[in-house]
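Report on the structure given below.
The values are calculated or read from the model by the stated rules, or taken from the named source; none is laboratory data. Since the structure is predicted, the reported quantities are computational estimates derived from the model, not experimental observations. Glycine gets a Cβ as well: all are built from the backbone with ideal geometry, and neighbour counts include every protein chain shown. SASA here: full protein model, heavy atoms, side chains in, ligands and nucleic acids out. Shrake-Rupley method; radii C 1.70, N 1.55, O 1.52, S 1.80 Å.
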Amino acid sequence: MEQQETTHEPIRRLRADLRKAAASAMSIQEARYLVDLYYQMQDFRVASAAEVRAMSKSGEPVTVVDWVLETTEAIEAEIKKALEVYTDAHAMGRWSKGVIGIGPVIAAGLLAHIDVTKTKTVGGLWRFAGLDPTSRWNKKEKRPWNAKLKVLCWKCGESFVKQSGRPESLYGRLWVERKELETRRNLAGELAEQARTALERKRIGKDTEAYLWYSGCLTRDAAEKILSAPAEKRGAMVKQLAGEPDSGTRMLPPAHTHARAKRWAVKVFLCHYWEESYRQTYGKEPPEIYSITMLGHAHKIEPENSIKAKQN
């Protein structure tokens, strides 16, 4: 234990200076770098932990690899603490962390990549985040979205799904509601054109379950039976109940409707983020059209932060 404390002492010595710098002097570029570094180290830690477990089972010595794992964990924790301080120093950082499922790393990434003075509409922010389905990236053209922000939005969506069992999680609840709606529309054949387009644009092997959904090999009754079955049995059922292409209804696979619903929940969150950032930047209310018309709603969806504030 004493040796471990000595090994990690240089990391501990950095804490005070690191947090002071994070609060007062961290640049946007540095915040972006630290967010990227955090996730890289997280991936490395997970891989290292698996390696340690594998070597331990085989009886091989793991002293050095275990030390690397512990050191990686320590650095990862310090980066997270620095980003905690950084986000505490910014209004939108504090606002983001008030949302269930959003921690200091994602909040810092949003701060570092979103500038309301450059993305002047919610639609512009969605496109910048890679959430506009009409946006295409053609060869020899500049990517029309920010790849790192797109990954962060994916992580937001994953967090909302994980928090969806909590009644107080607005975006988790919206994901559940939207998934139910997407599933009903899918079964009714309302997404047949989207299925046809996906089959044309994606390289989907004919031996995959996805192909059977996209190409109309399943009837609505068959799809309903599959979706009502336990997840581990669905794959076999798809192959058993599938007919010839277009013998049923062209539909999106469950994973596709899951992703569509998750993307929609993230777009609602980004809409709220943009609106709050607009208030912080310009000192006035944002145009109402963004929170109603662009989300396809007849009424405004209030941000989770506002709902919790009213309840308290």
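Remarks
- Rounded to the nearest 500, the 222 nm mean residue ellipticity of the chain from helices alone is -22000 deg cm²/dmol, with -39,500 (n - 2.57) taken per DSSP H run of at least 4 residues.
- Under a Gaussian network description of the chain, with springs only between Cα atoms under 10 Å, the residue in LYS262, LYS57, LYS150 that fluctuates furthest is LYS57.
- Sorting LYS139, LYS206 by accessible area puts them as LYS139, LYS206; the probe is 1.4 Å, largest comes first, and only protein heavy atoms count.
- For segment 178-271, the per residue solvent-accessible surface stands at 53 Å², with DNA, RNA and ligands left out and a 1.4 Å probe.
- Cα centroid separation - segment 176-204 against segment 95-145, whole Å: 24 Å
- Tensor-based shape of segment 122-233 (alpha-carbon gyration tensor, a/c under 1.5 rounded, otherwise prolate or oblate): oblate
- Taking the charge dipole of the chain about its Cα centre, with +1 at Lys and Arg Cβ atoms and -1 at Asp and Glu Cβ atoms, the residue from PHE44, VAL266, GLY243 reaching farthest to the positive side is GLY243.
- Nitroxide proxy distance, nm - points 7 Å out along Cα→Cβ at GLU224 and ALA54: 4.7 nm
- Full extension of the segment from GLU232 to GLN40, taken as 0.36 nm per residue of separation minus the current Cα-Cα distance, would add 66.0 nm.
- Dipole of the chain, positive end: most advanced residue of VAL64, LEU191, ASN305 [Cβ charges, Cα centre]: LEU191
- Förster-model FRET efficiency, 30 Å R0, GLN240 and LYS142, C-beta, rounded to 0.05: 0.05
- Pair ALA192, SER27: separation of 7 Å Cα→Cβ label points (nm): 5.6 nm
- Straight-distance candidates among the aspartates and glutamates for linking to LYS142, with alpha-carbon spacing under 18 Å and chain neighbours fewer than 8 residues away dropped: ASP132.
- Taking GluC sites (Glu not before Pro) in DSSP loop states with no more than 16 other Cβ atoms inside 10 Å as exposed sites, the chain has its longest site-free stretch at 1-140.
- Overall shape: oblate for the chain, with the ratio a/c of the largest to smallest alpha carbon gyration tensor axis at 1.5 or above and b/c at least equal to a/b.
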